[in-house]
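So the structure is just underneath, and the comments pick up after that.
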Amino acid sequence: MLRTLSFFILLAIAIVACKKKEYQLGSDLIDQDTILGGISTDTFDILSYTIEEDSVISDNAANVLLGTYNDPLFGSFNSSFYTQFRLAGVDPNFGDPNTIVIDSFVLGLEYLGYYGDFDPQTFEVYELQESLSIDSTYYSFSTVSHSGVNLVPFENSTITPSPLESTIIGSDTISSQLRIYLDTNLARSLINEATSGSTTFSSNDEFLEFFKGLYVTTNNPIQAQGEGAVYYFDVNDPSSKATIYFHQDTVATSYDLLINSECADFSNVQIENTGSAVDMVIQDSTQGNQTFYAQAFKNRAALSIPGLANLPDNIVIHRADLELPVQFQTGHKYQPGGNVSVATRADSTSSDLLNVGVIGVYDDFNKRFNVNIREYAQAIANKSFDLTELVFSPLYFINSAERIVFNGKNTINKDQPRLVLTYTTY
């Protein structure tokens, strides 16, 4: 028996924005290993198009996103994030604050990956005025009120990220970080509060009432096509934190504000596809038969294979190899990920996506994704499952900025999508 899982639990790091469902798919299959030989056919008509998502949950994922890029085919991708901070320890002893000289206040973010080019970007950070809750649901369109004061000094705001290079802090060499220098006045206010006799630093709950967190974003109003990148940060890594560096009575020391799994966080992603090649397919689905698209956070590729409805019920399917060619040259900045999620719908009226129990694997040599949809095809032949669309998404749908350009059946390129069905009748 194949018991389908929701996208949420297919892979913990690759949570996707679908409602959780369970569905028995292929529960009445005959074991394909008991069948020898078989007939193959690849004459199925495949209709392709793109569908939009409008409510993508983005809170407490495996990583947050930050940065912008301007895609020639997909339009602009703009990402930022909100996060809480927690105390490294309660009731810190700062001694006499008058003896403290603050050297710097730095937000360090551990790189996990990137998508695009290493062009300079202007970073901005704002203090939250509204509390976050780890029990709340936040979407990619969600916002939280923040102050209008940018905490990043102008001279420190433009940075060319270097995620492939190690970071040196003093005499220590650590994994690559983005390090954003913040206004030391905020650090001073935190130290003053800790030494004021209040209970603010006596617990994390008290601290979060005083300092609700930060909104981290970019400001890149002019970005040419092909410029920019989105960076992925592991905010649960111990190296991701805000650190106050200071001297006290000439002794150098520091104090950390931590980001960890107990902190609420979410990514805000704004994608502007209007007027793009993707938008044209959204507006006219028939254009997807030439080229169709998938994009993290917003667009999913979809296929309809009407001929599967005509499969006889006395068929045993050995394999159903679906080949999805993509438009990509090795070394190009906008590469497809290694896998795609594969889903369907219980019926034509359902808005919920159901995992079909497999993922598509990218074949760089042939420049295509390969998916074996045997169980799905067999369930349709057995009339135990309605024939609806197949939906394909970047596996890291709420963790990345990946996008994929697929060839449709009317492509001007060499390869078209193809389903090769190998079966035996009885």
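Table for the structure above
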item: Alpha carbon centroid spacing (whole Å) that separates region 351-414 from region 264-330; result: 7 Å
item: The chain, relative contact order [Cα under 8 Å, separation at least 6], %; result: 28 percent
item: In region 344-413, the chymotrypsin sites (Phe, Trp or Tyr not before Pro) that fall in loop regions by DSSP, at most 12 other Cβ within 10 Å; result: Phe365
item: Long-range HN-HN contacts of Glu53 with modeled amide H, under 5 Å; result: Asn299, Arg300
item: Descending Cα extents along the principal axes, the chain, whole Å; result: 88, 43, 38
item: Distance between modelled label sites at Gln270 and Asp364, nm, 7 Å Cα→Cβ extension; result: 3.5 nm
item: Lysine pair count for the chain [Cα-Cα under 17 Å; pairs on different chains or 8 or more apart]; result: 5
item: Amide H partners (placed H, <5 Å) of Asn268, local residues excluded; result: Ser80, Phe81, Tyr82
item: From phi via Karplus (6.51, -1.76, 1.60), per-residue ³J(HN,Hα) for region 373-386 in Hz, x at Gly/Pro; result: 9, 4, 4, 4, 5, 5, 5, 5, 4, 7, 6, 9, 8, 6
item: Normalised per residue, the volume of the convex hull around the Cα set of region 244-392 (Å³); result: 219 Å³
item: Descending semi-axes in Å of region 47-173, equivalent ellipsoid built from Cα gyration tensor; result: 32, 22, 15
item: Accessible-area composition of region 278-426, carbon plus sulfur, in percent [1.4 Å probe]; result: 44 percent
item: Rounded tilt (10° steps) of 184-194 against the dominant C-alpha axis of the chain; result: 70 degrees
item: FRET efficiency for Thr43 and Ala309, using Cβ-Cβ distance with R0 set to 22 Å, rounded to 0.05; result: 0.90
item: Accessible area per residue in Å² at 1.4 Å probe, computed on region 127-248; result: 49 Å²
item: Where only alpha carbons of region 153-241 are counted, the Rg and the Dmax (Å); result: 16.9, 54
item: Shape category assigned to region 300-383 from the gyration tensor of Cα positions, a/c cut at 1.5; result: prolate
item: Cα-based shape type of region 162-320, given that a ≥ b ≥ c are square roots of the gyration tensor eigenvalues and the cut on a/c is 1.5; result: prolate
item: Extended-chain gain in nm, criterion 0.36 nm per residue less alpha-carbon gap, Asp205 and Asp135; result: 23.8 nm
item: HN-Hα J in Hz across region 68-84 - Karplus 6.51, -1.76, 1.60, θ = phi - 60°, x for Gly and Pro; result: 9, 8, 10, 8, x, 9, 9, x, 8, 10, 10, 10, 8, 8, 10, 8, 8
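The values are calculated or read from the model by the stated rules, or taken from the named source; none is laboratory data. Keep in mind that this is a model prediction, so the values were computed, not measured. Methodologically, a virtual Cβ is constructed for each residue, glycine included, from the backbone with ideal geometry; neighbour enumeration extends over all protein chains shown. Surface accessibility is based on the protein's heavy atoms, side chains included, excluding ligands, DNA and RNA. Shrake-Rupley method; radii C 1.70, N 1.55, O 1.52, S 1.80 Å.
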